[in-house]
Each structure stands twice: as C-alpha cells, then as structure tokens.
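Beneath this line is the structure, given in structure tokens, with notes to follow.
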Amino acid sequence: MSKVIEGLKYSKDHEWVKVDGTDATVGITDHAQDALGEIVYVELPEVDSQFAAGDDIADIESVKAASEIITPIGGTVSEVNSELDDSPELVNEDCYKNFVYKMRDIEVPSDLMDAKGYEAYLATLK
Amino acid sequence: MMDEFAPDMIIEPLLVEKAVAGRRGYLFPALDVPAAPALDSRYARTGSARLPEASELDTVRHFSRLSTMAYGVDYGFYPLGSCTMKYNPKVNEEAASLDGFASVHPLQDEDTVQGSLALMYRTIEDLSELVGMKWGTLQGCAGAHGEYTGLKTIRTYFLHRNEMNRNKILIPVSAHGTNPASASMNGFEVVQVASDERGLVDIEDLKSKLDETVAGIMLTNPNTLGLFEKDIRKIASLVHEAGGLLYYDGANFNALMGMARPGDMGFDVVHLNLHKTFSTPHGGGGPGSGPVLVKEELVPYLPQPDIVFHKSTGRYAFKWNPKTSCGKVSGFWGNFLVIVRAYTYILCMGSDGLKAASQHAVLNANYMQAALRKVFPVAYDGLCKHEFVLTLEAMKEETGVSALDLAKGLVDMGIHPPTMYFPMIVHEALMFEPTESESKDTLDHACEAMKSLKETAYSDPEALHNAPCTAVITRVDEVRAAKSPVVRY
Amino acid sequence: MYSYIPHTEQETRAMLDAIGVKSLEDLFSDVKEAGCLLERPLDIEKGRSEEQTLDIIRGLAALNIKGVSFLGAGSYDHVIPSAVKSLSSLPAFSTAYTPYQPEISQGVLEAIFEYQSLICELTGMDVSNASLYDGASAAAEAASLAIADKRKSSRVVLSGTMHPFAIQCVKTWALGTGREVVVLPEKNGVNDYSSLESLLDDSAAAFIAQSPNRYGYLEDFTGVADLVHSRKCLFAISSDPLSLAMQKSQAEWGADIAFGDTQVLGIPMGFGGPYCGYMAVRQDLMRKIPGRIVGQTVDTEGRRAFVLTLQAREQHIKRERATSNICSNEALCSLTNVIYASLLGWEGLKEASSQSYSKAHYLAAGLKELGYCAGAGLAPFWCEFPVVFKSPEKLEEFTEEMKRNGIFSGVKLSRITLDRKDDSTLLVAVTEKRTREQLDRYLAIAKREAR
Ligand SMILES: Cc1ncc(COP(=O)(O)O)c(C=O)c1O
C-alpha cells in the first residue's frame, strides 16, 4: 500500500501539495516514487520562474523511467530542494519529507484531492 | 575523473591507460613542401589532447581483445525481436569494399559516378516494387531517421495542401519508442490508439479519434507482437476517409517480402531498415539505412536531390526540387556503402529468394512458438509472423525469477537474449525473432535451453538471479552508472 | 535451396508438421484472409549465384571513375592506415547489435567509451554521446537540444557560412513545426556579427556556426560566446575534428555544444556515407544530449564495467517527450574513428592536420603566383580554400582539363549552394595524402590553363 498523509492535497499526476497561506511546498507521492524505482536524477526548476497549474515544471528519472512533474498549483518558485542534486535517492527514502520545490503567490485549483480522495483514486488504478 | 581500480578489477585497460610517451602506431612521410607559416594565435589551439600513445601492435591487440568481449551474429543465435538479426553475407562486404565504391567522393562530377547513381536508382526501383510504392529516397540513415523523413514528407504534403490543421499522428500503445519520438520531432501531437484483446488496433477506439486534425497513423504490420493486422484494409479506408495518411514502419517487413505489400494494404509511406530486412550488418548499433518509399502523390515532397534516369542519353543524374521537396535530412545522399550491401543482397536473393526468406522467417518463428508455447504462455497466441512474444509473468510471481533473469541465463548457454520488456503492453515480455538464417537444430537447441532454464527457475532461482556466470563480467550496477555518470576518461 | 536459408526440404516438412500446417503458404492464411496476399511474383529478377552477383556489382563499381582528389566540401581523402579497416571489420564488432546486454558487450561498450573520450579530448567538452548519423543531421540535433533547453523558445540562428547542406537539414527540421530558422549574413566569406544581437531575440535558443566554414575559412569567434550567453542562448560550433588538432577547440571558444562529422578520422569517402556525426556538450547539458551514452560502473564483483547509461533521455523511455528520436547510430564508424585516433595518437593527428594545412597553403600560394584568385578572403584557412574564376566557362575549362589529366581539381561551389552565382567559384581541398608531385602537376596544368 502506498503511503498517503493526512492534511496534504494531491493531484492525479501523483504530486502532493502542502498549502501554507499564499505559500506551498510540493513533492511527489509514495505511489509515484515507487512506480519510478530508484531515482537517479531530479531536474529542478529555476527559482523565481513562474508556472501555471498543469505546466511541466521538473523532471525526475530512474534508470528505466522518466517522468515529468506537472505542477499541481500555479505560482512563482521560491525555493528548490537542492539536496536532490547530489542525493536524488532522498525522494525514495522519504518522499513527503524531501520536497521538490516551494512556491509563493500560489493559485490552487479546486480539483485537488484530499488524502481520502487520493486513496480512493489510487484504488481505481489497480 | 575516473575512479581508481585495482589492476585485477580491470578486464581490459583502456588503450590510453597503457600509453608510453612517444610511442606511435602510424608514421607519416616527412612533409615534402615548405611548412606554411603558423596559424595566427587568435585561431590556434593551445590545449593538447590526451590520446593513446601506442604501437600498431598495441592497438591491434587492444581492439582484437575487445572483440573477444562482444557477441555478433557470426558467433551464435541472436533472436533479438524487432531487430531481424539475420546472417550478414560476406559477399556484401566484398561489394562494399570495392574501390570503385569506397573511394568515390560524393561531389564528383555526375559523369564519373554513373555506377553509384545506377546502383541507387535500381535500389529505389526494387524497394518500391517490394513495398508497392511509386518512388523513394535513400537519405535516411537508420529506421528512426526513416520515420523522421517519412513524417516530414507527410508534413510537407499537408503544408502544400494548406492543411496544417492536421496536427496529430495516431500511434498504437504497442509501438516502438521511435514512432512517437519521430512524430513529436516533426511537431505532431501524438495520440495513442488502444489495442484490442487480440493485440491488434482497436477499430472503435481508432474511429473515435479520427477527425480533420489527424494527419495520419503510424503502424507496423505485422505489429510489435508479431501479429498481422487483419483489419488493415478497413483501417486504411477509415483513415483515408478522414483525410489522413498511413505510415508503415518497416522494422517488421522481413515477415512479408513477396507475400504482401504495404502499398496494397493502403499505406502511403513506408520506411525500410536495410540493416534488418536486407542483411546489412548492425555494426554494434549502426550504421544502418532507412530508405523511405511513398505513393505517387507524395513523391514531390521527398528530400532532395532525387535521382533520375535520362532515357535519351542513358545517364543518371541528381535532380534538386527546391519548390516542393522537404529539403535534406542528411549530409549527402544517404549511407551509400550500406545501400551497396543491401543491393548486393537483393541481386543475390532475387524475387524468389526474398520471398523464400520471409516464408522461412515465419516458419522459424511459428516453429519456435509451437515449441515454447508448452513452456511459457504466448502473450497473444495464434499464427504469428516473423516474431512472437512470451510472457513470463506467472513464473515471476511463482519463483521471483524475472524475464531479465531468464534472459541472462540464456547468455550462459551461448545464446543472445531475445528483446526484453517490449512491447510495453506485455508484462515480463520476451520477444523472439529467429529469422530465416537459423537452422532447425539451432532452434531446437534454443527451445531446450528455455525449457531447462524454466526448470532452474523453479528448482534454483538464485542461480538465475546471479546469471550470467560465464561472461567476462557479472551483472552491472546501472544505478551507479546513471547517478554519478563517468562517461569519459 | 536458397542462399542464406539453411533448411533442407525434410526439415521444412518436419517443422510445418510440428506447427500443424500443410505448407509455407498456409503460414500466411491471416494475410490471405485480410485480402492482402500478393497474387503475383514481384517484378524483380530471380536470384543469382554469388559470382553472378559480383559480376554485376563489379560492373557498376567499374562505371565510377577515380581521380587524384582535391575535392572536399564535407568529405575528404585522408590517409587511412591499413589496421583501421582490418580491426573495424572484426565480425564481433560488425555483426553485433546495439550493446544492450553489457555482460557480452564489454568490448563494444569499452570502445564507445574510448570514442566518447576521444571526442571530449578533441573538442574540450565534458560529455560526448556515442555518435549521431552525420555532421549535417547533427546540426538539426543541436538545434533541437537548444530549443528543448530553453523554455518557450522557437528560433535558432544559423551562421550563413555553414555548409549549405547542414543549413538545409536544419531548415527541414523546422519545416512545418512552428520553429524558425534565421540566417546570419556573411561578409568576405566569414560571419558578419553586426546583426547577431538583434537576431537573438527572446524567442531564440541558439546560435550555430561552423569553422572551418563552407569556404574553408576559419571563423573568428572572439566575443561571440559572451554575446550569445548574454541573450540566454546556447552557442554551438561545428568543426572538422582533424582541424581541431590545429585550431581552437569549441571549448576554447566558449561553446556549449560541439558537433561535426568524423569522416576525416579514418572513414572512407564512400560516395557520401556512412559517415558519423559527433556531439559533445558542457556538463550541465549532459541530460539533454541526444543519443546513446556509455558510462563506467562496476559489476557485482566490483570489477570495472561499461554500460549504456542516462537512458531516461531516450526515445524508448521518453517516447514523444524525447528531444531526439535517434536509436541506432553509427557505432561501427565511431569505432573506426577511435582505432584511427589510437594509431595516430595526438602527435599523429597534429601531423595529419598540419601537413594538410601546409600542402593546402603550398597549392594556394602556387595558384596565386599564377594569377589565380585563390583564398582571397581576409580570414585564414586550414586545408580548403576557394578559387574564383572570371566566369563559369573559365572554371569549366579548368576543371575539364584537370579531369583529362586524372585530377579532380575541386568542388564547384554551386554544387552545394545550388546558386548560379557560385558557378565560377571552385573549392579546393588538400589533405596530407596529396604528394608534392601531385601538387606540382596540378600547378603545371593550372599554368597552362592560366595563359
Ligand atoms: C518497430 C521498430 N521501429 C523502429 C526502430 C528503430 O530503428 P533504428 O534503430 O534503425 O533507428 C526499431 C528498432 O529496433 C523497431 O524495432
């Protein structure tokens, strides 16, 4: 069973969002990291660049797979987790602790799921 | 940059690691004209380059030893699905080595290269007849390059017809990765078409996706499961009715020579792989050649220059068509010496031999499938064409031994593994393409090997997790290679 | 029996029985049901014996005429040591597929690793791929890479002095895709940079140039990298790899992408192919470079091993999101390159390069002395230079007379530019392979023609 955490919002592309006022933190879910396998590389977005919800914002790669991170929210990148440059495997170790990027001035679409909703969504993928 | 390895951890040192300062492997005669004044320092290189310093014999031994750590068709069975690893006749090599071909410059006057032009012209003629098309180009340098070229020709055709709304290419989920990649390189949007329970194009799904934004569909027939698309004529008329074109990826054409032609099925554009169907060697990953053949309406949009024959003078010539041609896709005229090999093969086999080759390729595949069906489930069972796909999912669940493990076990039995994990719609897939080159006893031996490996999987799974054990190395750490890449010395 | 099909009649019979069909034709019942069976023989002649085949092939080869070659424009008659052909045609190399199975492909993989290192050493760049189709198509790959690297970009700026066929390849790549190719004007046979800054607008992703350029001149890229980078674009330079033994490398000019064609490193002219494209980039573009890459790793015993790596960039994983569709490349040609460079070493490459340079200058000086307008540009050249005749007819007379004497005296510029105004310019290339005697004969005929 993939781990899902209460209090976060989730997208169908398997990203999680932690909203904090007009700021937010984004990462990939346990389901996503498990599907990718051992992660060898994360390409991070540039700080201060702007994205709309649904844009592809970062790339994440394992030996046998590559996936885009589709940003579930719009906003301006305020910070990236540069630890992932040298240690991309941190995402495998704890994908909820090791975020990918943070945003400010965010716009949060209404169709993001809560933990329950995401769990139900995962069940439909089986 | 490179990590240090203890000497016994290195199988064959790089030649540069054995460099002896001042040693040379080739000597030029002394300069016999006055040395020109040095290049202006603004342009002159200051840095040097670290290259091997080796004698000719050092170099010969190094590369000869490396060649003992490689595996080619000349060494044994190579049933790599979708790659048509047939025998590469030696006469092809003799033909390509002829000085009259190998030493000719691409921009010599046309009256001094009539042999080359005639050979290319006749190759296009024969290939067009084989696939049922009007004419073609030889500029594509591999299969994927042929796809790029063929789709560019389609793009240009629609451009000239003012139909740039046709922006989508339909591609089955089972397609090779180059298909969607070639489509997006040409600026097309890729739309997936589902497969039905037989592994063929799902007609209802196709219908739902056809409209005036569709430029065409890319198919290989037989498809990547080795199955003939029975509804191909229906598919063709549906796509044509919607105003789209049909693209044929010829990677699997070894199943059909002399038996069926893409042109007759309704395809408009075809690329062939001379390095598969037409017996030219793969070279460890190239050079190949990917000619593109098209129906009459598309001929004006092919890359330039075209090759023409002037009946009145009996001469061949290049012809540039800047008004309609899509332009150029490679430097000169294509991988000519590969084309020489393929034409030699066509001459030698002839219409009867090419047909027999396809028949025996299909015979071999069905024979192996019949034997292996008793060992592993066939992913989509039935009459196959030149290849078939097994699924090892059940074995994986029951023993933990994967398709990869089994493939590595084959290495220890002197057989090159089949294609693994492709097409993506089959779990734990192994795709076998025996080709017509192999004899019954080779196939029997391979089937026995598969059977005994399956037994091992159930009796001693660990042995297969550790396979191969007879190669110069054991399994490699791919994560390490990708995480902290060392890609040069 | 047919050539290359081992089955005896008895074996075929036994195999058909095992499958449960009556005849070879029955194996195509699905094709027949689909209404696709070809009901007539192909309109291609019947098969032949090996000797009959060779007769025809030799006959075609004999129709080609050879001469002492001063032809260049993208293909050059350099010396090829005997060991090159003999080693590169070893069947374990030539009849292998792409090295997907590292355990039985270490030889191929290590050779590619040596090739990648060779390209990095010559260009000064950090990462090379395992090869591309050829130098001209590599120009389109460089453009693709740049567009993929810069978000929302659509334009590439090409130097107008690049080989016209490479420019065509990039224009073809852009055709019908919404991408835009603009060409920087030239002046006196080299780039005129006065409009470069304005051409590099916000939609631009790269400036791509070539040196030696289409005329053989060396480009002066002083300050260009800074300008290009200030516009947030990538700078790509195509160079003849043998010229890099003398002229500044792409890294020394500050380029981000180095590419070109390695035909000059041991590959026969072969009427234009197969050749081999090289591409190398700076470290930070490593995961954007197209094509295969071999990396070093270890096996389970800790031994050094090589393997195809960084595959997440490639079409078989990324599919429609891959920036390039390349799958098979030109592996055997890159092997040829690394064998050639191993035999010559750096000293040998410098010698081949500088002898070509000296011999080209000897010929150009000789022609000038005879009153020819040879290498008249302001920029220096390496082993190739243009000769401008008074009229297309004069050029024709000159080359015909040379041909009668067994000399292919040069490539008419209009053969590659397809522009009538270039009908009276001849591109003359000289390699280390040309002897003093051949150069003097060229000059002697030129002297007769000059009268
Ligand atoms: C179905 C199919 N299409 C395309 C290709 C690509 O061909 P190439 O490697 O010659 O570019 C392959 C190669 O394996 C293939 O199997």
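Under Stokes-Einstein, with the Kirkwood radius over Cα pairs as Rh, the value for the protein assembly as shown at 4 °C and 1.567 mPa s is 43 µm²/s. Distances between placed amide hydrogens fall under 5 Å for B:Gly284 paired with C:Ala96, C:Tyr97, all partners being 5 or more residues away or on another chain.
Residues in the stretch C:22-32 carry Karplus couplings, in order, of 8, 9, 4, 4, 5, 5, 10, 4, 5, 5, 5 Hz; the curve used is 6.51 cos²θ - 1.76 cosθ + 1.60 with θ = phi - 60°, and Gly or Pro positions show x. Look at the dipole of the protein assembly as shown built from charges on Cβ: of B:Asn273, B:Gln114, B:Ala371, the Cα furthest out on the positive end belongs to B:Gln114.
Surface calculation, 1.4 Å probe, protein heavy atoms: B:Asp460 sits at approximately 70 Å² accessible.
Binning the alpha carbon pair distances of the stretch B:90-348 at 5 angstrom intervals from zero yields the distribution 1, 6, 14, 18, 19, 16, 11, 7, 4, 2, 1, 0, expressed in whole percent.
Ignoring lysines fewer than eight residues from A:Lys3 along the same chain, the ones with Cα atoms less than 26 angstrom from its Cα are A:Lys12, A:Lys18, A:Lys64, A:Lys97, A:Lys102, A:Lys116, A:Lys126, B:Lys396, B:Lys483.
Surface listing: A:His31, B:His416 arranged by accessible area from highest to lowest gives A:His31, B:His416, probe 1.4 Å. Apply the membrane-span-like helix rule to chain C: whole DSSP H runs, Cα extent along the own long axis of at least 24 Å, mean Kyte-Doolittle hydropathy at least 0.5. List the helices found. Going by DSSP H runs, the hits are C:106-123. Peptide B:252-260 has a mean shielding of 4, counted as Cβ atoms of other protein chains within 10 Å of each residue's Cβ.
Using the Cα gyration tensor of the stretch B:351-481, with a ≥ b ≥ c the square roots of its eigenvalues, what is the shape: rounded (a/c below 1.5), prolate (a/b larger than b/c) or oblate (neither)? Prolate, since a/c reaches 1.5 and a/b exceeds b/c.
Is there a simple number for the mean count of other chain Cβ atoms within 10 Å of the Cβ of residues in A:64-75, and what is it?
Across the residues of A:64-75, the mean count of other-chain Cβ atoms within 10 Å is 2.
Amide H contacts of A:Gly54 (H built 1.01 Å from N, in plane; Pro and chain starts excluded): A:Thr71, A:Ile73 sit under 5 Å, all sequence-distant by 5 or more or on other chains. Here the 3J(HN,Hα) profile of the stretch B:306-313, calculated from phi with Karplus coefficients 6.51, -1.76 and 1.60 at θ = phi - 60°, is 7, 10, 10, 10, 9, 4, 4, 9 Hz, Gly and Pro shown as x. In peptide B:19-25, what is the residue-averaged number of other protein chain Cβ atoms found within 10 Å of each Cβ? Counting Cβ atoms of other protein chains within 10 Å of each residue's Cβ and averaging gives 3.
Using every pair of separate Cα atoms, the Kirkwood estimate puts the hydrodynamic radius of the stretch A:14-124 at 14.0 angstrom. Here the stretch C:215-323 is treated as an ellipsoid with the same Cα gyration tensor; its semi-axes, largest first and in whole Å, are 28, 21, 15. With R₀ fixed at 45 Å, the C-beta to C-beta distance from B:His427 to B:Arg50 puts the FRET efficiency at about 0.45.
C:Val182: net charge of surrounding residues, Cβ under 10 Å, Lys/Arg +1, Asp/Glu -1, itself excluded? Charge balance near C:Val182 sits at -1.
In the protein assembly as shown, the portion of solvent-accessible area held by carbon and sulfur atoms comes to 49 percent [1.4 Å probe, whole percent, DNA, RNA and ligands not counted].
May I ask for the distance between the Cα centers of the stretch C:1-58 and the stretch B:283-327, given as a whole number of Å? Spelled out, the Cα-based centre of one part sits 30 Å from the other. Excluding same-chain neighbours fewer than eight residues apart, the aspartates and glutamates reachable from B:Lys319 by a Cα-Cα span under 19 Å are B:Asp109, B:Glu110, B:Asp111, B:Glu125, B:Glu296, B:Glu297, B:Asp306, C:Asp419, C:Asp422, C:Asp423. Note on surface exposure: B:Glu129, A:Glu15 rank B:Glu129, A:Glu15 by accessible area, highest first, 1.4 Å probe. Using Cβ point charges alone (K and R +1, D and E -1), the dipole size of the stretch C:294-352 about the Cα centre works out to roughly 280 debye. Each residue of the stretch B:94-102 is assigned a 3J(HN,Hα), and the resulting list reads 4, 4, 6, 7, 4, 4, x, 9, 5 Hz, derived from the Karplus form 6.51 cos²θ - 1.76 cosθ + 1.60 (θ = phi - 60°), x at Gly and Pro.
By DSSP, what percent of the beta bridges with both residues in the protein assembly as shown are antiparallel, rounded to the nearest 5?
Antiparallel bridges make up about 70 percent of those DSSP assigns within the protein assembly as shown.
Each peptide in C:364-372, B:361-369 was scored by the mean count of other Cβ atoms within 10 Å over its residues; highest first, the order is B:361-369, C:364-372. Annotation for the stretch C:362-382 versus the stretch C:312-355: alpha-carbon center distance of 34 Å.
In angstrom, the C-alpha Rg and Dmax of the stretch C:82-338 are 18.1, 61. Filter the cross-link list C:Lys232/C:Lys318; B:Lys86/C:Lys32; B:Lys385/B:Lys454; B:Lys168/C:Lys318; C:Lys359/C:Lys412; B:Lys134/C:Lys412 down to pairs whose alpha-carbon distance in this structure exceeds 29 Å. The pairs that break the limit, which is 29 Å between Cα atoms, are B:Lys134/C:Lys412. Of all beta bridges that DSSP places with both ends in chain B, some 55 percent have antiparallel geometry.
Close amide H partners of C:Lys232, meaning residues 5 or more places away or on another chain with modelled amide H under 5 Å apart, do not exist here.
Convex hull volume of the C-alpha atoms in chain B, normalised per residue: 209 Å³.
Taking C:Val294, B:Val173 and ordering them by how much accessible surface each has at a 1.4 Å probe, largest first, produces B:Val173, C:Val294. Which translational diffusion coefficient, to the nearest whole µm²/s, is obtained for the stretch C:9-58 from the Stokes-Einstein equation, given a Kirkwood hydrodynamic radius over C-alpha pairs, 10 °C and 1.306 mPa s? It comes out at roughly 114 µm²/s. Counting Lys and Arg as +1 and Asp and Glu as -1 over every other residue whose Cβ lies under 10 Å from the Cβ of C:Ile317, the net charge comes to +3. Its Cα gyration tensor gives the stretch B:47-133 an equivalent ellipsoid. The semi-axes, each the square root of 5 times an eigenvalue, are 34, 26, 13 Å from largest down.
The values are calculated or read from the model by the stated rules, or taken from the named source; none is laboratory data. Being a predicted model, the structure only gives us computed values, none of them experimental. FYI the Cβ positions are ideal-geometry reconstructions off the backbone, even for glycines, and counts take in every protein chain you see. These accessible areas exclude ligands, DNA and RNA; they are computed on the full protein's heavy atoms, side chains included. Shrake-Rupley method; radii C 1.70, N 1.55, O 1.52, S 1.80 Å.
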